[in-house]
Amino acid sequence: MRLVLVLLALFLTASPAWAARERMSAEDAYSLGLRYMKRGYYVKALEQFQRVRTYYRDDPYALKAELAIADVHFKKNEWDAARLAYEDFTRAHPRYKDLDYVVYRLGLTVFRKAPNVAARDQTWTTQAVATWASFAARFPESEWRDDVDADLTKARARLARKELLVARFYVDREAWPAVAGRAERLLTQFPASTDRFEALYLLGRSHHMMGDPDRAAAALARLEAEPEGAAWLRELQRAVAAEAPPPAP
């Protein structure tokens, strides 16, 4: 009997708070979730946004709560959960008025997941570039465009450096066709990269070592047209003069 009375007392004590929450509008419930998120109470924020999405399905704030769930995962550095949430939102609401924000965050999520060191696997950096590649064309007036452009430049520079590192790896093994392939790939995919000068040097040197003077001369001519690549031009000229290509089999 005593246990029943205790449980009844607890119910009556909690009941006003429960009833007050039930009377909250979708906007108030969503705003409460935002306050939780701002203060770093991420578990409570997630619970609140999920409640809004579940119990106010036909209200515009349910859509905001759905996106806010992805934002909470992002703030918690839960990159996989955030990526899936943004992707699901994009598929479900392709005409959302602030879709530019969603695409920006989706790209940023995979970019943050990628390692900063170019020598490591850059699959996620590649995905970030793919996500943002058409951002400027799709959302020319977006407030996030400058941020996307800046991060896209960093991502492309990282991928270019990855190609250069692989090309250097093949140089050490005198695998000249592989060197030429990687250098050409860098130059084709990332023509504005600051690593393009060394790539041109490697391209010319590899063609020289493969016994293709015409292509070696073409790479040299491209370097001559790049004043900033003067140092690599001299390196290529020295290499061509000093290194004899192996005899044809």
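Please find, among W144, W132, the residue that is under 22 Å from D195 (Cβ atoms), of a type in the set (F, W, Y) and modelled with pLDDT of 95 or more. Show your work before the answer.
Details: W144 fails: under 22 Å from D195 (Cβ atoms).
Among W144, W132, only W132 is under 22 Å from D195 (Cβ atoms), of a type in the set (F, W, Y) and modelled with pLDDT of 95 or more.
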Would you list the helices (runs of 4 or more DSSP H) that sit entirely within the range 1-81 and hold 2 or more residues that are under 24 Å from T109 (Cβ atoms) and at pLDDT 95 or above? 26-39, 42-55, 60-75
With within 24 Å of the chain's Cα centre (by Cα), free of Cβ contacts under 8 Å to residues at least 60 places away in the same chain, within 30 Å of W124 (Cβ to Cβ) and part of a helix (DSSP H, G or I) as the only criterion, which of A180, A160, A199 stands out? A160
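Is one or more of the residues making up the range 101-115 touching a residue at least 12 places away in the same chain (Cβ under 8 Å), outside the structural domain of L67 (by TED's automatic domain parsing), in a loop (DSSP other than H, G, I, E, B) and within 15 Å of the chain's Cα centre (by Cα)? Spell out the reasoning first.
First pass over the range 101-115, keeping only residues touching a residue at least 12 places away in the same chain (Cβ under 8 Å): 101-114.
Checking the rest, the ones that are also outside the structural domain of L67 (by TED's automatic domain parsing) come to 101-114.
Next, from what is left, pick out any that are in a loop (DSSP other than H, G, I, E, B): 114.
Applying the additional criterion that residues be within 15 Å of the chain's Cα centre (by Cα) yields 114.
Looking for residues that are touching a residue at least 12 places away in the same chain (Cβ under 8 Å), outside the structural domain of L67 (by TED's automatic domain parsing), in a loop (DSSP other than H, G, I, E, B) and within 15 Å of the chain's Cα centre (by Cα), one finds at least one in the range 101-115, hence yes.
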Those residues of the range 135-154 which are surrounded by 12 or more Cβ atoms within 10 Å (Cβ to Cβ) and more than 10 Å from D100 (Cβ to Cβ) amount to A136, D147, D149, D151, L152, T153, K154
Residues within the range 192-234 that are surrounded by 18 or more Cβ atoms within 10 Å (Cβ to Cβ) and acidic (D, E), tallied: 2
Among the residues of the range 163-177, write down those that are part of a helix (DSSP H, G or I) and either more than 30 Å from R138 (Cβ to Cβ) or of a type in the set (V, I, T) (or both). L164, L165, V166, A167, R168, F169, Y170, V171, D172, W176, P177
Tell me, yes or no, whether the range 56-63 has at least one residue that is in the same structural domain as M37 (by TED's automatic domain parsing) and within 16 Å of D147 (Cβ to Cβ). no
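The values are calculated or read from the model by the stated rules, or taken from the named source; none is laboratory data. Quick caveat, the model's predicted, so the values are computed rather than measured. Glycine also receives a Cβ, built like all others from the backbone with ideal geometry; neighbour counts cover every protein chain displayed.
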